[in-house]
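Bear in mind that the values in this text are calculations on the coordinates, not laboratory data. The structure presented is a predicted model; accordingly, all values stated were derived computationally and were not measured. Don't worry about glycine lacking a Cβ; one is built from the backbone with ideal geometry, like all the others, and counts go over all protein chains shown.
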Amino acid sequence: MTSRDSRTNRPGKLDPLGPLRDPQEPGCDVFLTGTVFLDIIFTGLDSAPVRGTESWARGMGSSPGGVANMATALARLGLRTSLAAAFGDDHYGEYCWDALEQGEGIDLSMSRTVPGWHSPVTVSMAYEGERTMVSHGHEAPPPTGPGPFPWCPPKARAAVASLAAGPGEGWVAEAARRGSRIFADVGWDDTGRWDLGTLPDLSHCEAFLPNAGEAMRYTRTECPRAAARALAEKVPVAVVTMGAEGSYAVDSRTGETAEVPAITVDALDPTGAGDVYVAGFVTGSLAGWPLADRLAFAGLTAALSVQEFGGSLSAPGWPEVAHWWRTAPEALRGRYGFLDALVPPGAAPSPRRRAVPTIGFRHPVQ
């Protein structure tokens, strides 16, 4: 198993943590780990595929997916991001590594290429604002030699974990012990128990961000807001996302609550929107913003992401945020007025990032 040298985030990006930085701080803002997939996305389908027929999509793209969605979203918002993941020893794995390291400036020094292991792949089909996915892959073999991960994650301001029913992951407790603020989301509970007691790493979390369905199942409540209040008894900050209704949060340390409605957009593909939301919330939290501003910013970044197809490549950066702010409806300018202090005045908009319809062109497109 081999590793490669990684680069830090590229200079010239807006740094939301700039005023907080000092020479003694960790070199990493956010650490995360998980499985990187190659995502192949079809969009522009008129309906779900029908058995025994062939469907043609009007759009197609390829990009790193899985945990790469979150890593890319964090990096594009200016956070120094470190990812520990296994990469396949194939063209797919090489493409994903280069896209994340060279394209996004994500630190992959704790990642590895596994000889003879092929990359996991997900095919996603987007239609009618929903998606259907088919995935294939095998669990990567564990590292054979000594190394700092998973028992010694790097010192970082924060870490993002995806909780699942079962025994806790040792790296989460170690990251918390080393001073990282832990932010977590959660996936569907295949066991059907929906028992918070099966999420031992929740005790290490500063913030927990489930969606409304997950939150209500875990708390046995009938209302997302009641679910958030119940979760706040278990974790300092509980955030419940409510789809088109927006999001609601409770900070049990201060007693503060906040609710921000969603921004109405024409959604093309929801892939990765949840990851982008968490990345926006982490950014605002590390920057020390008020709770309502964190919800608003997270919702904005998620809304921008669903207007493009693909997971990681639809994640917005500050140029996209700046473009939206310059053209934002008057009715929203009060709620998002905090962006005035963040978005560089007169910054030239950059081209939108889009997934490309191939794994990689041999020659740059002119």
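For V134 and Q24 in one chain, what is 0.36 nm times their gap in residues minus the Cα-Cα distance, to one decimal in nm?
Working: separation 110, 0.36 × 110 = 39.60 nm, distance 4.52 nm.
Result: 35.1 nm gained on full extension.
What span do the alpha-carbon atoms of the range 140-247 cover on each of the three principal axes, reported in whole Å from largest to smallest?
Over the range 140-247, Cα extents along the principal axes are 49, 29, 25 Å.
Using the Cα gyration tensor of the range 1-140, with a ≥ b ≥ c the square roots of its eigenvalues, what is the shape: rounded (a/c below 1.5), prolate (a/b larger than b/c) or oblate (neither)? Display every interim value, and only then the final one.
Details: a/c = 2.96, a/b = 1.64, b/c = 1.81.
Judged from the Cα gyration tensor, the range 1-140 comes out oblate (a/c at least 1.5, b/c at or above a/b).
When the chain is modelled as a GNM with alpha-carbon springs shorter than 10 Å, which of E320, E245, E101 fluctuates the most?
It is E245.
Enumerate by residue number the trypsin sites (Lys or Arg not before Pro) in the range 26-118 meeting two conditions: DSSP loop (anything except H, G, I, E, B), and at most 14 other Cβ atoms within 10 Å of the site's Cβ.
Details: sites: R51, R58, R76, R80, R112; in loops: R51, R58, R80.
Sparse-neighbourhood loop trypsin sites (Lys or Arg not before Pro): R51, R58.
Can you tell me the relative contact order of the chain? Whole percent, Cα pairs under 8 Å, sequence separation 6 or more. Kindly include the intermediate steps, with their values, before the conclusion.
Working: 787 pairs, mean separation 64.0, N = 366.
After rounding, I find 17 percent.
Summing -39500 (n - 2.57) over the DSSP H runs of n ≥ 4 in the chain and dividing by its residue number, what mean residue ellipticity at 222 nm do you reach, to the nearest 500 deg cm²/dmol? Walk me through the numbers on the way to the answer.
Details: 8 runs with 81 residues, N = 366.
The per-residue figure over the chain is -6500 deg cm²/dmol.
Could you list S62, S180 in order of exposure, starting from the residue whose Cβ has the fewest other Cβ atoms within 10 Å?
In order of increasing Cβ crowding within 10 Å: S62, S180.
Let me make sure I get this right: for the range 231-275, a, b and c are the square roots of the gyration tensor eigenvalues over alpha carbons, sorted descending. Under 1.5 in a/c it's rounded, otherwise prolate if a/b > b/c, else oblate. Which is it? Spell out each step's value before the answer.
Details: a/c = 4.20, a/b = 2.14, b/c = 1.96.
Since a/c reaches 1.5 and a/b is larger than b/c, the shape of the range 231-275 is classed as prolate.
Please list, ordered by chain and number, the residues whose modelled amide H lies under 5 Å from the amide H of A165; skip anything fewer than 5 residues away on the same chain.
none
Determine the distance separating the Cα centre of the range 269-319 from the Cα centre of the range 154-210; give it in Å without decimals.
The distance from the Cα centre of the range 269-319 to that of the range 154-210 comes to 20 Å.
Grab the other residues whose beta carbon is less than 12 angstrom from that of P261, score K and R as +1, D and E as -1, and report the net. Intermediate values should be presented prior to the final figure.
Details: positive: R335; negative: E245, E259.
With Lys, Arg at +1 and Asp, Glu at -1, the net is -1.
If a/c stays under 1.5 just call it rounded; otherwise compare a/b with b/c (prolate if a/b is bigger, oblate if not). Do that for the range 27-96, with a ≥ b ≥ c from the square roots of the Cα gyration tensor eigenvalues.
Details: a/c = 3.25, a/b = 2.11, b/c = 1.54.
Judged from the Cα gyration tensor, the range 27-96 comes out prolate (a/c at least 1.5, a/b above b/c).
What length, rounded to one decimal in nm, is gained on full extension from S203 through to S47, with 0.36 nm per residue of separation minus their alpha-carbon distance? Walk me through the numbers before you get to the answer.
Details: separation 156, 0.36 × 156 = 56.16 nm, distance 4.26 nm.
Full extension of this stretch gives 51.9 nm more.
List the extent of the Cα atoms of the range 56-137 along each of their three principal axes, largest first, rounded to whole Å.
Between the extreme Cα coordinates on each principal axis of the range 56-137 lie 39, 34, 16 Å.
With N residues in the range 96-139, what two-decimal value do you get for its Cα radius of gyration over 2.2 N^0.38 Å? Kindly include the intermediate steps, with their values, before the conclusion.
On the way: Rg = 14.3 Å, N = 44, 2.2 N^0.38 = 9.3 Å.
Normalised Cα radius of gyration, the range 96-139: 1.54.
Residues with amide H under 5 Å of F37's amide H, sequence separation 5 or more or different chain, H placed in the peptide plane at 1.01 Å from N; which?
Under 5 Å from the amide H of F37 lie the amide H atoms of G65, G66, V67, A68, each far enough along the sequence or on another chain.
How long is the chain along each principal axis, judged by its Cα atoms, biggest number first, in Å?
54, 50, 49
Check each of the GluC sites (Glu not before Pro) in the range 201-230 and keep only those in coil by DSSP with at most 10 other C-beta atoms within 10 angstrom; list them in order. Walk me through the intermediate numbers first.
Numbers: sites: E206, E214, E222; in loops: E222.
Here the GluC sites (Glu not before Pro) that fit, given the DSSP loop and packing criteria, are E222.
Taking 0.36 nm per residue of separation and subtracting the Cα-Cα distance, what length does fully extending E245 through T191 add?
Working: separation 54, 0.36 × 54 = 19.44 nm, distance 2.82 nm.
Net length gain for the segment: 16.6 nm.
What ranking do Y127, Y218, Y277 get, fewest neighbouring Cβ atoms within 10 angstrom at the top? Intermediate results must be reported in sequence, preceding the final value.
On the way: Y127 18, Y218 23, Y277 26.
Least crowded to most crowded, the residues run Y127, Y218, Y277.
Hey, what do the phi angles of the range 233-250 turn into as Karplus ³J(HN,Hα) couplings, whole Hz, using 6.51/-1.76/1.60 and θ = phi - 60°, x for Gly and Pro?
For the range 233-250, the Karplus-derived couplings read 7, 10, 9, x, 10, 10, 10, 10, 8, 10, x, 5, 7, x, 8, 9, 9, 10 Hz, x marking Gly and Pro.
Between G280, G246, G310, which gets the highest mean-square fluctuation from a Gaussian network model of the chain, Cα cutoff 10 Å?
Evaluated over the chain, the most mobile residue of the options is G246.
Between D340 and A262, what is the label-point separation in nm under the 7 Å Cα-to-beta-carbon projection?
So the label points at A262 and D340 sit 2.9 nm apart.
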